[in-house]
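The values are calculated or read from the model by the stated rules, or taken from the named source; none is laboratory data. In this text the structure is predicted, and so the values were computed from the model without any measurement. Note that each Cβ is placed from the backbone with ideal geometry, even for glycine, and that neighbours are counted across all protein chains shown.
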There are 2 protein chains.
Amino acid sequence: MHLIDNLQYANWSEKIFKQMREGGVDAVHVTIAYHEMFREAVANIKQWNRWFERYPDLIFHGTTGEDVRRAKCEGKTAIFFGFQNPSPIEDDIGLIEICYMLGVRFMQLTYNNQSLLATGCYEEEDSGVTRMGKQVIKEMNRVGMIIDMSHSSERSTLDAIEISQRPIAITHANPYFWHPAKRNKSDAILHALGQSGGILGFSLYPHHLKNKSDCSLESFCEMIARTADLMGIDNIGIGSDLCQDQPDSIVEWMRVGRWTKDMDYGEGSAKNAGFPAMPSWFKDNRHFDAIAKGLEKKGFLQKEISAVMGENWLRFYDENFGHKHLKDF
Amino acid sequence: MHLIDNLQYANWSEKIFKQMREGGVDAVHVTIAYHEMFREAVANIKQWNRWFERYPDLIFHGTTGEDVRRAKCEGKTAIFFGFQNPSPIEDDIGLIEICYMLGVRFMQLTYNNQSLLATGCYEEEDSGVTRMGKQVIKEMNRVGMIIDMSHSSERSTLDAIEISQRPIAITHANPYFWHPAKRNKSDAILHALGQSGGILGFSLYPHHLKNKSDCSLESFCEMIARTADLMGIDNIGIGSDLCQDQPDSIVEWMRVGRWTKDMDYGEGSAKNAGFPAMPSWFKDNRHFDAIAKGLEKKGFLQKEISAVMGENWLRFYDENFGHKHLKDF
């Protein structure tokens, strides 16, 4: 079994990289940008290059499914880059391929707010995928960068699933039927995502969980079982949204960026502005095994557990990273 | 035989890409930046991406020696990126690996003037490789980007050959003994370059040729023979410096950039400011065969002709592109 966590944004350190190894995590999709423009995103990639140089026995830069297999063989964790916002491509469609060349493999079309491309999940009006958004989807399809709609709104997400000629991802969110957060996804989206070969990564961020920090492992696994029934066992995985060791200033950067002078609390509130506590059974990269065990207890077969814990993402990486000529569609 | 031209900077067009195919050119190292800073160099790479997308049957982006072999097999030309100036890395050593990730495989430490790294061939004082220059050489050695000293001065070039732990290149210049231009190289440099496993690419730019535009093919081939005696037959290749179809404004950009408000004529003069006419026997990518025939007439063996026309560069690509851990030196 390959273990893949398809979304983390930690305050990276040797400690965390070692925890990835302790937990046997073969691949992690890490966030390179929340609100960063191109040049700032490049600076973040440079920082990762220094970590790759400094900790070659723990991590390396992954760009293909094959790199996940290599990571498992060599006892390392392959790190995949992604943007949570299209801000790094600015207004320039040519920057998509440039970012792909720099190893970026996922990009959200929106992060909570309206972007040049689509509407975020916190906007009151959802006008769907824009003119530029359609061009960007076509270009992302061509180069093989995955469209991620985790922070997008209903119509925009359904639009993206329909417009994209390759499957898309919702890397980190949960079903709305289980916990009605603005970031969680409707049955309509989950059904369309599954039908189109896309993947949903289940989030462990407490604001996305039923009973938040007090969410039980059993409830989480029950939710996975119900989602598998809705979407298919091949269309789900993990995207923990783990934000380990981050100071509150980073939560503020995620929520407020530079787009307002006011404070915005996102899924939190003025009284509860910081990171909520993680559930007792999942605190860091060493605890994926608890989820696998929870699924086993719930009656999942070993093959199904492997699918959820990484094999589905691995197949998705194999099929959807990399250039494809339009005639191949 | 693989045919490689290790330096061109043309006003790129379908016409020129077709001429590369007519001439059977398997690989060309093209200039991405003269004075461009990072973001401007990225814009130039974006433009190349558009050409790769538009002319997939003629050209593709090459990054390894294997790509030269693939080009020959598929009847295409592999395009390798290089900078003639370190301006794209600005003051930031981390940008070397970023540019490597974008496919850049060659970088000059200086372009005529003093840079942050070393001294250019037109400066009066040559202070050698700087503190940052030493760090940049180490980093270029690590990631496998080739140090190019074509436009550098005597001491800086000898310093770079000595400091670098991997062989360096002078991609486009000729021996000073044949034609005493400021850009041509001393016996001391050529000898040290050959001894260290480096390569000299012979230039066809008329200001680098004996009798300039009137240089005879025989004289050019005689010069190659003498240089082979000095450096070794394995340490020479072609770097034509072909600047086809460029308007005079581009010559001005090369020479003046943004570093002065005055006019500078480089190797030309006020009376002869534009591009000089190319020699009658080499005008574009269709004419490399003339050089091969000239070498044959001069008594070179077929194996030696192949070495000069591309095999030496191919071996150099195989050995010197790509990451190497410092412990491997």
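At a glance:
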quantity: Test for residue B:70: is it more than 21 Å from residue B:9 (Cβ to Cβ) and either touching a strand residue (DSSP E or B) at 6+ places or on another chain (Cβ under 9 Å) or crowded, with 20+ Cβ neighbours inside 10 Å (or both); calculated: yes
quantity: Qualifying positions in region A:81-121 - within 14 Å of chain B (Cβ to nearest Cβ), in a strand (DSSP E or B) and in contact with a Lys or Arg (Cβ under 9 Å, 6 or more places away or on another chain); calculated: A:81
quantity: Residues of region B:19-39 classified as away from chain A (no Cβ under 14 Å) and part of a strand (DSSP E or B), total; calculated: 6
quantity: Total residues in region A:37-76, condition in contact (Cβ under 8 Å) with a residue 40 or more places away in the chain, more than 19 Å from residue A:16 (Cβ to Cβ) and small (Gly, Ala, Ser); calculated: 2
quantity: Count of region B:1-44 residues which are modelled with pLDDT of 95 or more, closer than 23 Å to residue B:309 by Cα and more than 16 Å from the chain's Cα centre (by Cα); calculated: 12
quantity: Unmet criterion (only one of (1) assigned to a helix (DSSP H, G or I); (2) within 23 Å of residue A:168 (Cβ to Cβ); (3) more than 14 Å from chain B (Cβ to nearest Cβ)) for residue A:16; calculated: (2)
quantity: Selected residue (only one of B:122, B:111, B:34 is in contact (Cβ under 8 Å) with a residue 40 or more places away in the chain, crowded, with 18+ Cβ neighbours inside 10 Å and touching a His at 6+ places or on another chain (Cβ under 6 Å)); calculated: B:111
quantity: Residue count, region B:20-43 (criterion: within 20 Å of residue B:67 (Cβ to Cβ) and of a type outside the set (Ser, Thr, Tyr)); calculated: 11
quantity: Single residue of region A:293-319 satisfying the filter (of a type in the set (Gly, Ala, Ser) and crowded, with 21+ Cβ neighbours inside 10 Å) that is farthest from residue A:224 (Cα to Cα); calculated: A:310
quantity: Qualifying residue in region B:246-265 (condition: outside any helix (DSSP H, G or I), surrounded by 16 or more Cβ atoms within 10 Å (Cβ to Cβ), in contact with a helix residue (DSSP H, G or I) (Cβ under 6 Å, 6 or more places away or on another chain) and touching a residue at least 24 places away in the same chain (Cβ under 8 Å)); calculated: no
quantity: Within region B:272-292, considering residues that are within 26 Å of residue B:307 (Cβ to Cβ) and aromatic (Phe, Trp, Tyr), the one surrounded by the fewest Cβ atoms within 10 Å (Cβ to Cβ); calculated: B:281
quantity: Pairs where the first residue, in region B:274-289, is in a loop (DSSP other than H, G, I, E, B) and the second is of a type in the set (Lys, Arg) and modelled with pLDDT of 95 or more, C-beta under 7 Å, 6+ apart; calculated: B:276/B:212
quantity: Residue match in region A:184-198 (condition: under 19 Å from residue A:289 (Cα atoms), surrounded by 16 or more Cβ atoms within 10 Å (Cβ to Cβ) and either modelled with pLDDT of 95 or more or among the acidic types (Asp, Glu) (or both)); calculated: no
quantity: Test result for residue A:42, of a type outside the set (D, E, K, R), within 14 Å of another protein chain (Cβ to nearest Cβ) and buried (at least 20 other Cβ atoms within 10 Å of the Cβ); calculated: yes
quantity: Extreme residue, farthest from the chain's Cα centre (by Cα), among residues of region B:45-62 that are buried (at least 21 other Cβ atoms within 10 Å of the Cβ) and more than 8 Å from every other protein chain (Cβ to nearest Cβ); calculated: B:59
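Quick grid of which residues meet (1) touching a helix residue (DSSP H, G or I) at 6+ places or on another chain (Cβ under 8 Å); (2) surrounded by fewer than 19 Cβ atoms within 10 Å (Cβ to Cβ); (3) at pLDDT 95 or above:
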position	(1), (2), (3)
B:212	yes, yes, yes
B:222	no, yes, yes
B:227	yes, no, yes
B:237	yes, no, yes
B:241	yes, no, yes
